[in-house]
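For reference, the structure discussed in these notes is given below.
The values are calculated or read from the model by the stated rules, or taken from the named source; none is laboratory data. What you see is a predicted model; the values in this text were computed from it and never measured. When we count neighbours, we look across all protein chains shown, and the Cβ atoms used for this are built from the backbone with ideal geometry, even at glycine. Heavy atoms of the whole protein, side chains included, go into the accessibility calculation; ligands, DNA and RNA do not. Shrake-Rupley method; radii C 1.70, N 1.55, O 1.52, S 1.80 Å.
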Amino acid sequence: MTLFDGIYPFYPQQRKSFVFDVDIIIVIIVFLVIAFSFLLILPGIRGRARLFWLLRVITSLFIGAVIVVVQFTSDWESGQVTASATYKSFSPDVVHADVGVHIGLSGVNVTLVGKPVEQLNETINYNEHFSWLFGKDYNHEFQEGLERGLPNPILYVAEKFSILSPCGMHGQYRIAGHYASATLWVAFCAWLVSNMLYSMPVPVYGGYMTLVTGAFLIFALLSFSTVRNSSPCVIHFGSTSLQPVYGASFWLTLATGLLCFLIGALVILLHYVRPDLLKAFFDLCEDEEEEEGMLGEVYINPHLAETKTISSQPNFKLTIKNS
């Protein structure tokens with residue numbers, strides 16, 4: 001097999017390396033714009049309420065951003081191994097590289113990074129995504145990878161997650177990711193409701209909804225963890241094996257769920273133990289005092305009050321009759 005300008009003749013072009021996920025960037029920009037918009041009105045808040053208000057906004061936006069971002073990440077489970085493997089089909093060339101698998105709710109990313117990156121007169125830096133979302137055809141994407149001439153290590157790992165693979169990981173991860181994603185969207189709705197309830201005079205109901213948000217985050221983790229109940233399919237590269245473990249998105253979701261439980265429990269506890277402190281944190285005491293002050297400032301005309309006092313005195317007449 002001969003090469004033409006460093007490329008196999010039956011492959012259209014070399015595959016470029018993955019740069020960033022556009023969906024994640026869009027979500028982060030949206031939440032940053034919302035945070036910046038709230039920060040613009042921060043100087044207009046007086047006293048200690050400014051610090052409390054800033055803490056509430058930053059914490060709430062962090063929870064909402066995590067719930068949305070982890071929907072698009074590819075590191076709910078991750079694994080990496082360094083191995084030497086055949087680079088491409090019909091070629092005896094062997095590359096030394098890091099092979100990684102990164103599993104998300106919507107699909108799997110398989111990475112191949114050479115050590116060094118420049119080998120065989122080309123840059124070995126791949127990140128291929130294969131989706132198992134409903135409405136997507138995983139086998140079709142895998143077939144396209146074959147036609148593009150992806151490196152053998154990527155195709156070997158991707159084949160383990162295909163529908164026809166005896167491992168059965170495709171159906172497990174697909175169903176688990178689908179239910180975990182649906183549960184996360186319910187948690188996002190609960191987060192929106194909790195923010196609306198926190199703006200009302202009784203913030204304890206917002207605490208209850210924050211507990212609901214944390215509960216659905218934990219339910220999402222449990223849904224995704226169901227794939228661990230089945231026997232794992234080991235991906236071998238020579239004497240080494242590639243075994244994925246829980247990644248950053250999984251632990252970040254767990255930490256956010258525990259944070260929601262902590263915030264909700266603290267709000268409910270303060271409602272029954274120190275309601276004055278809770279109202280001060282949510283800036284409710286000052287509002288009530290201002291309303292009472294506005295109602296109490298009434299101008300009374302002293303002349304009119306004196307006139308009403310005189311006119312209100314009853315007019316008694318005493319008549320004495322001599323018998």
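The table below gives the values:
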item	result
Percent accessible area from carbon and sulfur atoms, the range 124-209, protein chains only, probe 1.4 Å	65 percent
Equivalent-ellipsoid semi-axes of the range 134-217, from the Cα gyration tensor, Å, largest first	43, 12, 9
Å² of accessible area per residue within the range 42-110, as computed with a 1.4 Å probe and no ligands counted	41 Å²
Nonlocal amide H pairs with residue 237, under 5 Å, H built at 1.01 Å	242
Distance (nanometres) between label positions extended 7 Å along Cα→Cβ at residue 163 and residue 258	4.0 nm
Residues with amide H under 5 Å from that of residue 107, placed H, sequence gap 5 or more	132
Cβ-Cβ FRET estimate between residue 36 and residue 193, R0 fixed at 30 Å, reported to 0.05	0.80
Principal semi-axes in Å for the range 107-256 [√(5λ), Cα gyration tensor, largest first]	39, 17, 15
Burial order of peptide ranges 162-171, 123-132, 109-118 (average beta-carbon count within 10 Å, highest first)	123-132, 109-118, 162-171
Reduced Cα scattering model of the range 203-282, Debye log10 I(q)/I(0), q = 0.21, 0.27 Å⁻¹	-0.93, -1.16
Additional length obtainable on full extension of the chain from residue 269 to residue 89, 0.36 nm per residue less Cα span	58.4 nm
Ordering of 181-190, 84-93, 53-62 by burial proxy (mean other Cβ atoms within 10 Å per residue, highest first)	181-190, 53-62, 84-93
Compactness of the range 237-286 as Cα Rg over 2.2 N^0.38 Å, two decimals	2.14
Residue-by-residue Karplus 3J(HN,Hα) for the range 25-39, coefficients 6.51, -1.76, 1.60, Hz, glycine and proline x	4, 5, 4, 5, 5, 4, 5, 5, 5, 5, 5, 5, 5, 5, 5
Mean Cα-pair separation over length for the range 50-127, i.e. relative contact order, pairs under 8 Å, 6 or more apart, %	23 percent
